[in-house]
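Working notes for the structure below.
The values are calculated or read from the model by the stated rules, or taken from the named source; none is laboratory data. Treat the numbers as computed from the prediction; the structure is a model and nothing was measured. With ideal geometry, Cβ positions are generated from the backbone for all residues, glycine too; neighbour counts draw on all protein chains shown.
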Amino acid sequence: MWYSGHETGKNKDAYIIGGAMNIRRSLLLKLIVVFLNIFINITHTHSATKPALVVVPAADLVGRPMSESDIIVTYDNIPIASGKFKRGQLCPRLHQLIFNEIVDITTEQSNEARINISNVYYLAKNNGQPQTAYWTLKKNLMPLEIIEKKGLDLNKIPKPVEFSDNGLALHQANTITLILPWTDKNSQRTYSVGTRFVLAENSKKGKHYSIYLFDPEIMNFRQAHVAKNLAIENSRTYSNPQRVALFVQLLRRWAHHDNGLIPYVWGGCSFTATCKDLFEKKECGAKGPGMYYYIRKDIQDNPCVGFDCSGMIARAAQTCGIPYFFKNTTTLACKLAPIEAKDTLHEGDLFWFPGHVMVVASIPNNTLIEARGYGTGYGKVHEIALSNMFRDISSYRDLLNAYFNAKPLILLNEQQENQCKLSDYKILKLAGVWN
């Protein structure tokens, strides 16, 4: 009996050990399946990445899908700007694309697409890799494979501007870039400054350029005509200083538009229309205690078009063929070198402090150009005298003296009241983009 019982115990132990090994094998197999699925999904996501054309004059980009429950607004209701408190909920716009830009779709979800863009990037905290991912509405995009399947010539679309190749397409021959908004008579669509078009054959005669325009309504290209005073030829040969001079001239033209002003738009990087110098602050009420946003009654459509400080500079610089790829103020402050005492200040150089950037517009006239927010009373693109920007600074000599002696500056608002004290600020060399 003892012998038989002993053998029975061994069998039980073997059974238990065998069962444990089976469990381990099962867990191992499950882990292998999980890792295989992850690998397949990653591979599929990568292989599913597809280039697409922006087919609307302007498209809002956000940082995460708008279907998430903690987002208060939808794409159709993103305001021009909001207060700082929970800004991402009330005004989630981070950037804007314009017609004829090309992106890569990486994920599709409901009516939205996750995309990577190539012409600007930003640097995130604790991450030195360029960040380029956003979400937008799928209806803003047309996959290039669909256009190609129609038998259409993709060479009628400008090559994408890519920071990875230092923006070679900025000088693409046989293309033009709008320096002022242009309205297509056929569709009555108005296209933003910075929009690029491929020229049709024999298109430079007379007072107009003949261009190829992709029309998503008819799923085909047609020829249209752009007045020459509204565009710049990308193939022209300009020196770097000439491009900077064009950049400053263009900004001054935008800041002194004959038909109104360009509004400040948080995350804005487009300009199709001007507006009046009137805006209002709106409280959210019970839906968002302490939260507020701004409206302009003469801006009814969405997306709202206009510029924020860094978007204005990026759009103007690339329009003039300058390889400038910085999405926000944090990135440009990291990438551009500050002027030194031995350096000469140039028009086109940038004045930076945390959260804002301005352009040296006229050294003789002591002015800056900026797209400034609503909290200071401005809310627009404008050219402003140094004496109206800073307390006790009336010339660039005063500004440089304060800068090289590390003296704080007092920033003023529209009412010429002290807004804040600036101890951390930089004057950056725009020409550093070519280094």
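A few points about this structure:
- The stretch 105-129, residues that are of a type outside the set (A, V, I, L, M, F, W, C), assigned to a strand (DSSP E or B) and surrounded by fewer than 17 Cβ atoms within 10 Å (Cβ to Cβ): 106, 107, 108, 109, 116, 127, 128, 129
- The stretch 320-343 - residue that is closer than 23 Å to residue 81 by Cβ and touching a strand residue (DSSP E or B) at 6+ places or on another chain (Cβ under 6 Å) and, of those, surrounded by the most Cβ atoms within 10 Å (Cβ to Cβ): 332
- When 203, 270 are checked against the criterion of being of a type in the set (Gly, Ala, Ser), modelled with pLDDT under 95 and touching a strand residue (DSSP E or B) at 6+ places or on another chain (Cβ under 7 Å), a single residue qualifies: 203.
- Of all residues in the stretch 209-236 being among the hydroxyl-bearing types (Ser, Thr, Tyr) and in contact (Cβ under 8 Å) with a residue 24 or more places away in the chain, the one that is surrounded by the fewest Cβ atoms within 10 Å (Cβ to Cβ): 235
- Among (1) within 25 Å of residue 273 (Cβ to Cβ); (2) at pLDDT below 95 - the single one residue 86 does not satisfy: (1)
- Only one of the numbered conditions (1) in contact (Cβ under 8 Å) with a residue 12 or more places away in the chain; (2) on the phi < 0 side of the Ramachandran plot; (3) buried (at least 18 other Cβ atoms within 10 Å of the Cβ) is not met by residue 186, and that is (3).
- Residues satisfying the stated conditions in the stretch 311-349, i.e. in contact with a helix residue (DSSP H, G or I) (Cβ under 6 Å, 6 or more places away or on another chain), aliphatic (A, V, I, L, M) and closer than 20 Å to residue 382 by Cα: 316, 317
- Among (1) more than 22 Å from residue 369 (Cα to Cα); (2) touching a residue at least 40 places away in the same chain (Cβ under 8 Å) - the single one residue 268 does not satisfy: (1)
- Residues of the stretch 344-376 that turn out to be surrounded by fewer than 16 Cβ atoms within 10 Å (Cβ to Cβ) and more than 21 Å from residue 314 (Cα to Cα), as a count: 5
- Test: residue in the stretch 360-383 that is farther than 21 Å from residue 254 by Cβ, assigned to a strand (DSSP E or B) and in contact with a strand residue (DSSP E or B) (Cβ under 8 Å, 6 or more places away or on another chain): no
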